[in-house]
Amino acid sequence: MESESSRAQTVFICSLRWLEFTFICSNFKTCYKAIMSKLLLLCLLLLSQALDWSSSQSDCPYRCQCFSPVQVLCADERMSNLPLNMSQHVREFILMTSSVSYLFTHTLKASPQLTKLIFLNNAIRSIHAHAFEHLLQLQELEISGNPWLESLYMGTFSKQHNLTKLMLNYNRLKTVQLGMFASLRQVETLQMKSNIISYLPPLLFANMTRLRVLDLSLNKLEEVTRETFSGLGQLEVLKLNNNLLQNLSSDVLSDVAELRELHLEGNKISQLSEAIFCNYPTWSY
């Protein structure tokens, strides 16, 4: 017979897949304020019934749901701070639709054991450069759906040497400083879709030699060059669709020999040089 913990984990995973589905929509306001709130309410009701897990348990933070000893979800608009009494057994923490505006140096200091940290559809305006410095075991980090988050401080990810997945979608990021990703040598997936980024400094991704998926879609990019993708010899999927690109130089993909998917739709490109695709003789375009 299926155990309570395994059943809880199954329901938890299913609910997250439903939540991730809503991020497909590109219209932030209509999707996140209407669909997200209704879907979240439905998910929480279903999870409560399926797990019969009381939020008043002594080891579960106030206003949060504890699906297993290692998984916690907090989703409450009244929350302005992260919970203080989170168990040291927790490995995966998700904060959604809260009023949390700032992540300070001490915010996550008491949870160095976290391997997965997700912030979805919150009110985050600023993240201290050392907010994540204690999270040395972190493997997956998502900070998405924050309409007032316009920039990240240098050094924000400097201690995340074990990170394999970083998602910074549906914020208002305008720029990304050179060196921001310098320590992320293990990252395989990087998403920065639906921000307002207009420029990427050369060699920004140079140290991310294991990167396989790079999503820069739905931004304001006007130009990308060979140096933009320098170091990405293992890249397999590149999404540049729905930007403001007008031209691509013939050598723009010269260092991306393993590319399998290239998305350019929704730009202002009128003509592409065949030399761009010389590394991909089997492609049809």
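Only the coordinates and a few stated rules stand behind these numbers; no lab work does. Computed from a prediction, not measured in an experiment: that's the story for all the values here. Cβ: placed from backbone, ideal geometry, glycine included. Neighbour counts: every protein chain shown.
At a glance:
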| read-out | value |
| --- | --- |
| For the stretch 261-276, Karplus couplings with θ = phi - 60° (6.51, -1.76, 1.60), whole Hz, Gly/Pro x | 9, 9, 10, 10, 4, x, 9, 10, 6, 9, 8, 10, 6, 5, 4, 4 |
| Gyration tensor (alpha-carbon) shape descriptor, the stretch 173-285, a/c threshold 1.5 | oblate |
| Förster-model FRET efficiency, 30 Å R0, residue 244 and residue 125, C-beta, rounded to 0.05 | 0.70 |
| Per-residue ³J(HN,Hα) for the stretch 150-167, Karplus 6.51 cos²θ - 1.76 cosθ + 1.60, θ = phi - 60°, Hz, x for Gly and Pro | 9, 7, 10, 7, 4, x, 4, 10, 5, 9, 8, 6, 9, 5, 10, 9, 10, 10 |
| Relative contact order (percent, whole number), the stretch 173-285, Cα cutoff 8 Å, 6+ residue spacing | 21 |
